[in-house]
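Read the structure below first, then the notes.
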Amino acid sequence: MSIKTVGIVGAGSMGTGIANAFILNGYHVVLHDIKEHFLENSLNRMTQFMTKSIERGKLTETKMEEALSLLKTTTNLQDFENVDLVVEAVLEDINLKKSVFAELDRIVREDVILATNTSSMSITEISFATQRPDHVAGFHFFNPAQLMKLIEIVYGLETSDETINRLKKVAESLNKIPVVVKKDSPGFVVNRILMPFYIEATKVLEEDIASKEDIDKAIKYGLNHPMGPFELQDYAGVDISFHVMEYLQKEYSDNRFSPPLLLKTMMRAGRFGRKTGAGFYKYEK
Ligand code: 3HC
């Protein structure tokens, strides 16, 4: 059965970017969230992104209209009855994800793959909330999902090779680069490597070895990264990486992943980065 319509659960920044990537590549999308105004915000963010693409000469008005005509939004998961693939992008709360998967399992056809955009959590645990663990896999996009090329495709204990191969084809049809994560392991590849990088950068700052601006510059110009570690944490959300660190520390029982004190203090002060107006840096709201 070919994949024409994709159901996306969760219209936060990842769900929005993922839905936008699918409609820009000709897929019909049904985007779900629990409140109408989350869906309205999501649609505004897609329009803003595509308007910027037009300004940059990367998209036409016609293509944007075409893309938007492929999008339907809903607050009722029952509207996923006829979708051919589901990508879940709700909050990183394992119990919430499990209950969403159990519900999806009852609604969508038996042959449909249920994929999760979790950035680090156990695919096996999520898959066993359903009666089809062979049809469940990780499908992890990076922020901003419209632009970032990588998708980690992750096996759970019972995920079939066919599920992984079908998801690889979907990733390629979105002009993305898939990487297969053979074993279900916390943080997969990128976040397993990224968290110690953030932690070490924060320790260098805590030890006052260099200013945050100079640490960012060092990584940007010394390693050719588009953003330094503090700019990137502010961009992707300090709270997001903080929770990933805590999860990896717990799952691996390894203090290498333990969040530094500065991050804990920032969490207590609500300094989550750009979205709250302050993180490592200050932003205009
Ligand atoms: N439409 C189309 N293309 C766009 C665009 C838009 N709206 N906005 C930017 N671009 C393109 C630009 O045209 C340019 O492409 P080119 O090199 O082919 O010309 C490229 O994106 C970069 O653009 P700019 O240099 O102008 O810089 P921007 O500030 O616009 O780029 C960025 C923003 C793409 C976010 C860039 O800064 C970047 O790549 N940052 C790093 C992002 C990153 O590492 N994300 C991963 C986060 S970790 C994560 O997600 C894991 C999670 O699980 C925790």
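Every number in this text was worked out from the coordinates using simple rules, so none of it is lab data. Given the structure is predicted, the values throughout are model-derived calculations rather than measurements. Please note: Cβ atoms are built from the backbone with ideal geometry, for glycine as well, and neighbour counts cover all protein chains shown.
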Could we say that Phe188 is under 24 Å from Glu152 (Cα atoms) and touching a His at 6+ places or on another chain (Cβ under 8 Å) here? yes
When you scan segment 120-141, how many residues do you find that are assigned to a loop (DSSP other than H, G, I, E, B) and either touching a Ser or Thr at 6+ places or on another chain (Cβ under 9 Å) or within 24 Å of Thr16 (Cα to Cα) (or both)? 4
Which residue pairs have Cβ atoms closer than 7 Å, lie 6 or more positions apart in sequence or on different chains, and pair a first residue in segment 142-154 that is assigned to a loop (DSSP other than H, G, I, E, B) with a second residue that is more than 6 Å from the ligand (Cβ to nearest atom) and aromatic (Phe, Trp, Tyr)? Met148/Phe141
Return the residue satisfying two criteria in turn: it lies in segment 187-214 and is surrounded by fewer than 20 Cβ atoms within 10 Å (Cβ to Cβ) and assigned to a loop (DSSP other than H, G, I, E, B), and of such residues it is farthest from the ligand (Cβ to nearest atom). Asp208
How many of the residues in segment 246-268 are closer than 20 Å to Glu207 by Cα, not β-branched (Val, Ile, Thr) and not in a loop (DSSP other than H, G, I, E, B)? 9
In segment 260-285, how many are in contact (Cβ under 8 Å) with a residue 12 or more places away in the chain and of a type outside the set (Lys, Arg)? 12
Which residues, taken from segment 220-231, are in contact (Cβ under 8 Å) with a residue 12 or more places away in the chain and within 11 Å of the ligand (Cβ to nearest atom)? Gly228, Pro229, Glu231
Looking only at segment 250-285, how many residues end up being over 23 Å from Gly187 (Cα atoms) and among the polar types (S, T, N, Q)? 2
Looking only at segment 58-78, decide whether some residue is away from the ligand (no atom under 16 Å from the Cβ) and in contact (Cβ under 8 Å) with a residue 60 or more places away in the chain. yes
The lone condition Gln249 fails out of (1) touching a Ser or Thr at 6+ places or on another chain (Cβ under 8 Å); (2) touching a residue at least 12 places away in the same chain (Cβ under 8 Å) is (2)
Only one of these conditions is not met by Leu147: (1) under 26 Å from Asp239 (Cβ atoms); (2) touching an Asp or Glu at 6+ places or on another chain (Cβ under 9 Å); (3) within 16 Å of the ligand (Cβ to nearest atom). Which number is it? (2)
